[in-house]
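Down below is the structure, laid out as structure tokens.
The values are calculated or read from the model by the stated rules, or taken from the named source; none is laboratory data. Keep in mind it's a predicted model, so treat the numbers as computed, not measured. A quick note on method: Cβ atoms are made from the backbone with ideal geometry, for glycine too, and the neighbour counts reach across all protein chains shown.
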């Protein structure tokens, strides 16, 4: 982790430090676009071939049978079952207040407008299950989808070499109430949900994180008129910690390592007003990496990350806004005072007792968040992500008469006589 001082931050270096590490995507014959086109053309046959090729899994039945889901659920420990209960309760409580009906507005006498939300009918959820299976993602996507009222919820997750789906993922799916589950992973799963195959019917919108191939496939299908909409393009995990001299270096180090262990391309940043803290955190990080099961992954991420020592916490918040992190921790004396100044972040954790781990699993907020600086224009997943809005207007005769001069002026300006007649014919 390289450390920079405030006096070093030229405009060009500041811009450079806000960039994320890039990862190369395979551009050989098995490129993502080729996979998507092949699944679009050959359906289930292509899915089975890619399952053998990429997951070393010979899969006959793509859909997971209810008995497999029930068996996985029965095998779960009581500790995990209790964890599901607490996490789901908190996530459901927080999300239940979202996506509600909006007020009816009378914009002028006789003209009443309103907006109502409707669920996206068919949605697809992608849940990774490689070196780190993510049953928490089942909750983070499945709960808002059910609250939104989606009539069909599809879940795809990669199979093991034996052809089974991770049991924790299956148990979480049963807990949420998702029954349409397929043992398909990677770019081919995204293509299957976007285009449909013999076994997997097409969906309208696809959600969920994944590796570079999954992300590239989501980008591809979202630009194909025959494809599907997507939630957002999630990249490697990111964390920016703002810490002052009151922060415990061991806590800061643990926070940085917790996100670095996700992926070698994860990006973690420490911004502090204390040179002493920065040096101590670096030593604590090294100590943690020695005993971490995913220490080598975390080390690679840490080597590509950075620390900044700035003159004030206001400067630190400004840098954070420029960086627009997926996760932001304010480990400072009075974190609430800086909340109004935070403009760009996916999810913010306030104080020394709020680790990202809480948001990742069970505090109630969603962990599917914008990365790569896209927090400048995207928010995280919510119930509204699984809905669309329809506007309605009720207009009385008096209301239309009130509007007529305005409507006529615009129709004249745009040369659209038919628009004007659609008004006048009603008032004759």
Subject >> Filter pass, residue 371 being in contact with a strand residue (DSSP E or B) (Cβ under 8 Å, 6 or more places away or on another chain) and more than 21 Å from residue 343 (Cβ to Cβ) >> reply: no
Original post:
If we scan the stretch 221-229, do we find a residue that is touching a helix residue (DSSP H, G or I) at 6+ places or on another chain (Cβ under 8 Å), surrounded by fewer than 24 Cβ atoms within 10 Å (Cβ to Cβ), touching a residue at least 24 places away in the same chain (Cβ under 8 Å) and closer than 16 Å to residue 381 by Cα?
Top reply: yes
**OP:** Output yes when any residue across the stretch 115-124 is touching a helix residue (DSSP H, G or I) at 6+ places or on another chain (Cβ under 9 Å), in a loop (DSSP other than H, G, I, E, B) and modelled with pLDDT under 95, and no when none is.
**Re:** no
**OP:** Return a yes/no flag: does the stretch 263-270 have any residue that is surrounded by fewer than 24 Cβ atoms within 10 Å (Cβ to Cβ), at pLDDT 95 or above and farther than 30 Å from residue 384 by Cα.
**Re:** yes
